Amino acid sequence: MLSKVRVPLLAVIAMLALVVAATAGCGDSSDGNSATAAAAEPADVEAAQAVVTKAEGPTPFPVEQPLKKKLRPDQKLGFLQCATPFCGLFAQLYGVGTKAMGISPVQAVKAGHSADDIQTALSSIAAKRPSALLLPGLNVSSLGNGLSTFKDAGIPVAAIAVMAGPEVGIDAVSAGPANFQAAGRTLADWAIVEAKGKANIGWYGIPELDFTKVEREAFEVELKKNCPSCEVRSVDIPIATVGSTAPSRIVSDLQAHPDTNVILFPAFETATGLPAALRTAGIDVKIAGTGPTPGNLQDLKTGGFDAAVVQDVGVMVFTQLDEAVRLATGQPLTPNERTLPTPYQLITKEDLPDDVSKGFSIYPDFVERFGKLWSGARATG
């Protein structure tokens, strides 16, 4: 039964660290961009705590209205499948989703790592004349003018975690900028609370990923608002070092800045392998990040990390499917789809299930929920 299907769910930010790795260059990155503290004004810990408390509960489900029309058997959705394992996970989720909706499987065209490969794949998909295009979280610069053909042909585009919209030919975005802005604010206020208004923060971002810049901007605004005396140091971690030398880079930075008491990751996968490296170096700091992988969740469970902002990848992918079909059949997006972020939640080890090998789902019954919303849809004439 569909409601019993369990799909491995990794959080979207960590997904993007993998997805964009297929398209972003690994050019030089600064390891020491810093922002100094403002004048010593008192922190508003109470305001920060209010944000943290709200984030500890799940945000609303993003689709609230039944689907009335669905695609005919001869109509198909196109999917640009990037060259990372996470796009393979997307393909699995699309398989579950199209089965739940009762439409034909998604037609995937695999792309290589370069921008040229991605644009060639877009051309191949456009030639197949899909009813809509499913786009993963690629950097906008990698798309070139590849979406113009879809716009000219009247083929709608539904994307996940792309930091752009209609101005580049994207009609709907699941987990858009609002998600990353919320994550950035949440991390800022969590740091303020954990450090009791005296945070000295290391922010470890990936410059090749568009969404981490959006998250950092929101983080900095929130930190300045609720703790102008808190200090933050922004450190670039090249995407090519994630999963390899990133932990040693972070340890070296912390050894050079021993007053740091909180470290944050807009893409939590950056911290893969870090707890062991910190233990070896004898460094003790508070740690949180956005988009934990199952490995990150295991470290959270065993005390290597302190908190995580999770986003529900299964819900995100099914929402994208819903949006694509609504657009392809002339139905408007629902109010929630137009205005609400994809579900996110601030969690600690107390929130985790016994088995975290398949990630953390805010709405573990999402397949059943969407199945009910889609059950009355009829194929278009």
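Since every read-out is calculated from the coordinates, none of them should be taken as a lab result. These numbers come from a predicted model, not from an experiment. Backbone-built Cβ (ideal geometry, glycine too); neighbour counts: all protein chains shown.
Tell me, 213, 196, 68 in order of fewest to most beta-carbon neighbours within 10 Å?
So the ranking, lowest neighbour count to highest, is 196, 68, 213.
Would you mind calculating the relative contact order of the stretch 270-373 from Cα pairs under 8 angstrom and at least 6 residues apart, reporting the percent as a whole number?
Answer for the stretch 270-373 is 32 percent.
Just for the chain, what percent of DSSP beta bridges are antiparallel, to the closest 5?
Working: 6 of 37 bridges.
If we restrict to bridges inside the chain, about 15 percent are antiparallel.
Mean shadow of the stretch 85-239, computed from the convex hull of its alpha carbons, in nm²? Intermediate values should be presented prior to the final figure.
On the way: hull surface 43.1 nm².
Its average projected convex-hull area is 10.8 nm².
If you take the Cα Rg of the chain and divide it by 2.2 N^0.38 Å, with N the number of residues, what do you get?
The reported ratio for this selection is 0.98.
For residue 338 and residue 196, what is the calculated FRET efficiency with R₀ set at 56 Å and r taken between the beta-carbons, to the nearest 0.05?
The calculated FRET efficiency here is 0.90.
Sort 325-331, 253-259 for me by packing, meaning the mean count of neighbouring Cβ atoms within 10 Å per residue, highest on top.
325-331, 253-259
Sorted by packing (mean other beta-carbon atoms within 10 Å per residue), highest first, where do 149-160, 105-116, 274-285 land? If you can, show how the numbers build up before the last one.
On the way: 149-160: 19.5, 105-116: 17.0, 274-285: 14.8.
Result, highest mean first: 149-160, 105-116, 274-285.
How far apart, in nanometres, would the label points at residue 221 and residue 256 be if each is projected 7 angstrom from Cα along the Cα-to-Cβ direction?
Spacing of the two 7 Å Cα→Cβ label points: 3.0 nm.
Kindly list the residues of the stretch 240-261 that lie in the label zone of residue 302, defined by a backbone N under 14 Å from the point 7 Å along the Cα-to-C-beta vector.
Label zone hits: none.
Over all alpha-carbon pairs in the stretch 259-318, figure out the percentage whose distance exceeds 14 Å. Show your work: numbers first, answer last.
Values: 959 of 1770 pairs.
Considering the stretch 259-318, 54 percent of its Cα-Cα pairs are separated by more than 14 Å.
Within the stretch 362-381, find all residues whose amide N lies under 19 Å from a label point positioned 7 Å from the Cα of residue 68 along Cα-to-beta-carbon.
It comes to 372-381, nothing else.
Over the stretch 191-235, calculate the relative contact order: mean separation of alpha carbon pairs under 8 Å at least 6 apart, over the residue count, as a percent.
Reported as a whole number, the value is 56 percent.
What relative contact order, as a whole-number percentage, does the chain give when Cα pairs under 8 Å and 6 or more residues apart are counted?
After rounding, I find 28 percent.
Taking amide hydrogens as modeled 1.01 Å from N in the peptide plane, which residues meet the under 5 Å criterion relative to residue 69, leaving out close sequence neighbours?
Here the answer is 378, since their amide H atoms fall under 5 Å of that of residue 69.
Return the sequence-ordered ³J(HN,Hα) values of the stretch 120-135 in whole Hz as given by the Karplus equation 6.51 cos²θ - 1.76 cosθ + 1.60 applied to θ = phi - 60°, using x for Gly and Pro.
In residue order, the calculated couplings are 5, 5, 4, 4, 5, 5, 4, 5, 7, 6, x, 6, 6, 10, 9, 10 Hz.
With no solvent and one equal point scatterer placed on each C-alpha of the stretch 152-268, evaluate the Debye formula and give log10 I(q)/I(0) for q = 0.19 Å⁻¹, two decimals.
Each listed q maps to, in turn, -0.99.
How far apart, in nanometres, would the label points at residue 124 and residue 229 be if each is projected 7 angstrom from Cα along the Cα-to-Cβ direction?
Label at residue 124, label at residue 229, 5.9 nm between them.
What is the antiparallel percent of DSSP beta bridges lying wholly in the stretch 258-381, to the nearest 5? Walk me through the intermediate numbers first.
Values: 4 of 11 bridges.
Roughly 35 percent of the beta bridges in the stretch 258-381 run antiparallel, per DSSP.
Which cross-chain or sequence-distant (5 or more) residues have an amide H under 5 Å from the amide H of residue 174, H modelled 1.01 Å from N in plane?
Sorted by chain and number, the residues that satisfy this are 159, 160, 161.
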